[in-house]
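Please read the structure below before turning to the comments.
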Amino acid sequence: TTSFTEAFSRSLLEEASRDPRIVAITAAMAKGTGLAAFQHRYPDRFFDVGIAEQHAVTFAGGLAAGGMRPVVAIYSTFMQRAVDQLVHDAALQKLPVVFALDRSGAVPDDGETHQGLFDIALFRPVPGVSILAPASAREMSLMLSWALGRDEPVIIRYPKAACPTEQSAFDLPLETGKGVFTQRDGADILIVCTGGIYAEVHEAANMLARSSFPVDTYNLRFIKPLDEDFLVSCASGYR
């Protein structure tokens with residue numbers, strides 16, 4: 001079983017093998033964020049700034065301004081320390097920094113201070129920042145590739161969890177602001193989810209189906225930007 005952290009690690013190594021501008025930054029969490037393999041393979045392109053998330057973000061902005069493609073991997077809960085830096089030193093400068101927010105959402109067994117509950121509320125209002133949520137290892141790869149091709153900051157948020165079994169929908173190309181149906185059988189009910197809770201939604205859909213309440217499921221993919229017209233069109237046929 002592959003975790004989202006492992007999927008991020010593998011996807012980043014693949015991207016870095018093709019683009020020498022990609023560098024990785026962590027704040028004393030190389031192993032926890034999955035960057036240990038990157039550190040081993042590309043020691044000259046890896047930076048551990050210690051327990052200083054604010055510096056990690058501003059440093060990444062400086063590298064991006066100098067032509068690099070920095071990827072900053074930080075636990076969601078610890079990004080709370082660097083809100084100001086993300087706003088002023090990445091978003092307002094329109095710099096291409098990718099933020100990989102590990103342990104987003106509820107985090108089993110990690111204690112109260114490690115719950116990644118606030119990143120959507122904190123960062124969705126920030127102008128010029130995209131927020132994506134992969135539902136599988138394949139979507140992680142697609143989203144990291146998309147993020148590294150942007151000329152603005154991108155946040156990818158994902159849980160401390162195992163990736164679910166791949167589905168054909170997860171392999172569909174990314175369309176900015178649009179999601180994908182992961183189950184579509186013409187039911188009356190539609191469940192819309194972000195990637196991090198797809199596994200629970202899939203389980204709930206199966207439970208409902210066994211109780212004679214079939215449902216369709218839709219994975220948003222993008223938390224921001226959100227193609228509202230497309231979402232409304234997808235949901236309009238449901239009761």
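The values are calculated or read from the model by the stated rules, or taken from the named source; none is laboratory data. All figures in this text were calculated on a predicted structure; none of them were measured in a lab. With ideal geometry, Cβ positions are generated from the backbone for all residues, glycine too; neighbour counts draw on all protein chains shown. Note: accessible area is taken over every heavy atom of the protein model, side chains too, but ligands, DNA and RNA are not part of it. Shrake-Rupley method; radii C 1.70, N 1.55, O 1.52, S 1.80 Å.
Once the Cα atoms of helix 4-18 and of the chain are each reduced to a long axis, what angle between those two axes, in degrees from 0 to 90 to the nearest 10, is obtained?
Roughly 60 degrees between the two axes.
State the extension gain, in nm to one decimal, for the chain segment bounded by residue 233 and residue 106, taking 0.36 nm per residue of separation less the distance between their alpha-carbons. Mind dumping the intermediate values first?
Numbers: separation 127, 0.36 × 127 = 45.72 nm, distance 3.04 nm.
Between residue 233 and residue 106, full extension yields an extra 42.7 nm.
List the residues whose amide H sits under 5 Å from the amide H of residue 155, counting only those 5 or more places along or on another chain, with H placed 1.01 Å from N in the peptide plane.
Amide H neighbours of residue 155, under 5 Å, 5+ apart: 99, 130, 131, 132.
Taking a ≥ b ≥ c as the square roots of the Cα gyration tensor eigenvalues, with a/c under 1.5 meaning rounded and otherwise prolate when a/b beats b/c, else oblate, which class fits region 76-121?
Note, shape of region 76-121 comes out prolate.
Provide the gained length on full extension for the span residue 39 to residue 84, in nm with one decimal, where the gain is 0.36 nm per separating residue minus the Cα-Cα distance.
13.5 nm
Going by amide H atoms built from the backbone, whose H comes under 5 Å of the H on residue 23, apart from near neighbours?
It is 69, 71, by chain and number.
Using label points projected 7 Å from each Cα along Cα→Cβ, tell me how many nm separate residue 192 and residue 162, to one decimal.
Label at residue 192, label at residue 162, 3.1 nm between them.
Just to be sure I understand the model, the point goes 7 Å from the Cα along the line to the Cβ. What's the resulting residue 94 to residue 19 distance in nm?
Placing both labels 7 Å beyond Cα along the Cβ direction yields 1.8 nm.
What shape does region 137-239 have by the C-alpha gyration tensor, where a ≥ b ≥ c are the square roots of the eigenvalues, rounded means a/c under 1.5, and otherwise prolate means a/b greater than b/c and oblate the rest?
oblate
With r defined as the distance between the Cβ atoms of residue 31 and residue 150 and R0 fixed at 35 Å, what FRET efficiency is calculated, to the nearest 0.05?
For residue 31 and residue 150, the calculated efficiency is 0.80.
In what order, largest first, do 1, 165, 194 sit by accessible area if the probe radius is 1.4 Å?
The ordering from most to least exposed comes out as 1, 165, 194.
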